[in-house]
Amino acid sequence: MHVHDHAHAAQGTLLNWLPLALIVLITLAYLAAANAQRYKAAGWSGWRSVFFTLGSLLLAVAVAPPLMAWAHHDLVGHMALHLLIGMLAPLAWVLAAPITLLLSTLPQAGGRRVAALLQSRFVRFVSHPVSALILNIGGMYVLYLTPLYSASLDNQALHYWIHVHFLVAGYLFCWAILAEPDVSPHRLSLRFRLGVLFASIATHSLLGKLMYGYAWPRGTGHSLEEVQAAAQLMYYGGDLAEVLLAVVLLTLWLRRPVERREGLFKSAERDISRVRVNI
């Protein structure tokens with residue numbers, strides 16, 4: 001029985017390091033593909049590799065077993081991980097254009113399959129700014145205003161699944177708002193995307209205030225002071241991350257030729273009417 005307990009503990013320890021190992025493998029694959037592209041005619045920006053490495057480092061810090069263990073029992077730690085996994089790391093990865101690199105690296109047949117997937121109804125739906133907003137911010141409301149967070153404290157698989165959701169939803173939202181450097185399936189105006197981003201800032205801030213004022217999430221054993229500290233971190237940290245996203249969006253837009261900027265403004269009404277069809 002004693003030997004069995006040691007084996008089970010060792011297996012659990014190895015599983016705790018699995019997310020970090022996956023991040024290392026994904027990063028090495030990206031850097032290898034990026035290095036191969038640099039010797040081709042089109043080349044590959046070194047800045048994109050820097051952004052991907054930065055995103056991976058942020059994720060590596062977040063999923064390191066000591067920090068994960070802290071976040072599993074401390075709501076402030078959980079919120080810090082949420083900011084890293086769901087907001088900052090996804091932004092860095094989006095700026096690295098991994099989809100473009102994948103399409104450039106795969107054989108022609110594989111590239112066609114990926115391109116077809118990107119044009120599928122499912123990807124078009126989840127990559128729309130409004131849908132991504134619901135997945136990202138709506139997921140937070142469900143997590144913190146229902147018993148879901150409390151349940152994750154006693155279920156390690158659910159705990160990890162929540163962080164996977166943070167990463168995927170955060171990536172989709174950043175990609176939907178920036179719509180580059182990977183080409184977005186949607187052609188939506190800057191005005192529309194900024195509107196969705198402002199809605200995200202407002203709803204994110206509202207959630208922080210609800211948590212602070214009404215001590216959500218409940219039934220977790222966390223003290224009121226800890227819940228309020230986590231709510232403040234969500235409020236100010238979330239605002240900082242979303243303002244950073246707005247700065248990146250405007251910076252990318254200002255780098256475009258003036259003619260393209262004017263065209264985007266003139267197409268705003270057409271883009272908004274297209275939303276009814278795309279959602």
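The values are calculated or read from the model by the stated rules, or taken from the named source; none is laboratory data. All of these numbers come straight from a predicted model, not from anything done at the bench. Positions of Cβ are backbone-derived with ideal geometry, glycine not excepted, and every protein chain shown enters the neighbour counts. These accessible areas exclude ligands, DNA and RNA; they are computed on the full protein's heavy atoms, side chains included. Shrake-Rupley method; radii C 1.70, N 1.55, O 1.52, S 1.80 Å.
What do you get for Rg/Rh over the stretch 145-249 if you use C-alpha atoms and the Kirkwood form of Rh?
Here Rg/Rh amounts to 1.04.
Counting only protein heavy atoms, what percent of the accessible surface of the chain is carbon or sulfur at a 1.4 Å probe?
Values: 10220 of 14840 Å².
For the chain, the apolar C and S fraction of the accessible surface comes to 69 percent.
Each residue of the stretch 244-250 in order: what ³J(HN,Hα) in whole Hz does its phi give by Karplus 6.51 cos²θ - 1.76 cosθ + 1.60, θ = phi - 60°, with x for Gly and Pro?
4, 4, 5, 4, 5, 4, 5
What does the charge dipole of the stretch 5-258 about its Cα centre add up to, to the nearest 20 debye, if the Cβ of each Lys and Arg holds +1 and the Cβ of each Asp and Glu holds -1?
So the magnitude is around 1300 debye.
Picking from Thr220, Gly238, Ala179, whose Cα lies most toward the positive end of the charge dipole for the chain (charges on Cβ: Lys, Arg +1; Asp, Glu -1)?
So the residue furthest toward the plus end is Ala179.
Please compute the contact order of the chain in relative form: average sequence separation of alpha-carbon pairs under 8 Å and at least six residues apart, divided by the residue count, as a percent.
21 percent
For Ala64 and Tyr214, what does the FRET efficiency come to when R0 = 30 Å and r is the distance between their Cβ atoms, rounded to the nearest 0.05?
On the way: r = 32 Å, r/R0 = 1.07.
FRET efficiency, Ala64 to Tyr214: 0.40.
Assuming R0 = 25 Å, what is the FRET efficiency of Thr105 and Ala21, from their Cβ-Cβ distance, to the nearest 0.05?
0.70
How would the stretch 70-198 be classified by its alpha-carbon gyration tensor: rounded, prolate or oblate, with rounded meaning a/c under 1.5 and the a/b versus b/c comparison settling the rest?
Taking the square roots of the gyration eigenvalues as a ≥ b ≥ c, the stretch 70-198 is prolate.
Tabulate in residue order the Karplus-calculated ³J(HN,Hα) for the stretch 181-188, using 6.51 cos²θ - 1.76 cosθ + 1.60 with θ = phi - 60°, rounded to whole Hz; enter x for Gly and Pro.
With coefficients 6.51, -1.76 and 1.60, one gets x, 6, 5, 7, x, 10, 10, 10 Hz.
Express in nm, to one decimal, how much length is gained between Ser150 and Arg255 on full extension, taking 0.36 nm for each residue of separation and deducting their alpha carbon distance. Each step should come with its number before you reach the end.
Values: separation 105, 0.36 × 105 = 37.80 nm, distance 4.54 nm.
My answer for the length gained is 33.3 nm.
What whole-number value in Å² describes the accessible area per residue of the chain for a 1.4 Å probe?
Per-residue accessible area for the chain comes out at 53 Å².
Using a basic spin-label model with each label point 7 Å from the Cα along Cα→Cβ, how many nm lie between Leu240 and Phe122?
3.7 nm
Give me the number: length gained by fully extending Leu31 to Ser205, i.e. 0.36 nm times residue separation minus the C-alpha to C-alpha distance, one decimal in nm.
So the chain would gain 59.0 nm between Leu31 and Ser205.
Rounded, prolate or oblate for the stretch 5-258? Axes are the square roots of the Cα gyration tensor eigenvalues, ordered a ≥ b ≥ c, and the cut-off for rounded is a/c under 1.5.
The shape class here is oblate.
Which whole-Hz couplings ³J(HN,Hα) result when phi for each residue of the stretch 105-112 is put into the Karplus expression 6.51 cos²θ - 1.76 cosθ + 1.60, θ = phi - 60°, listed in order with x for Gly and Pro?
8, 5, x, 4, 5, x, x, 5
Which length gain, in nm to one decimal place, applies between Ser223 and Ala42 when the Cα-Cα distance is subtracted from 0.36 nm times their residue separation?
Roughly 59.6 nm would be gained on extension.
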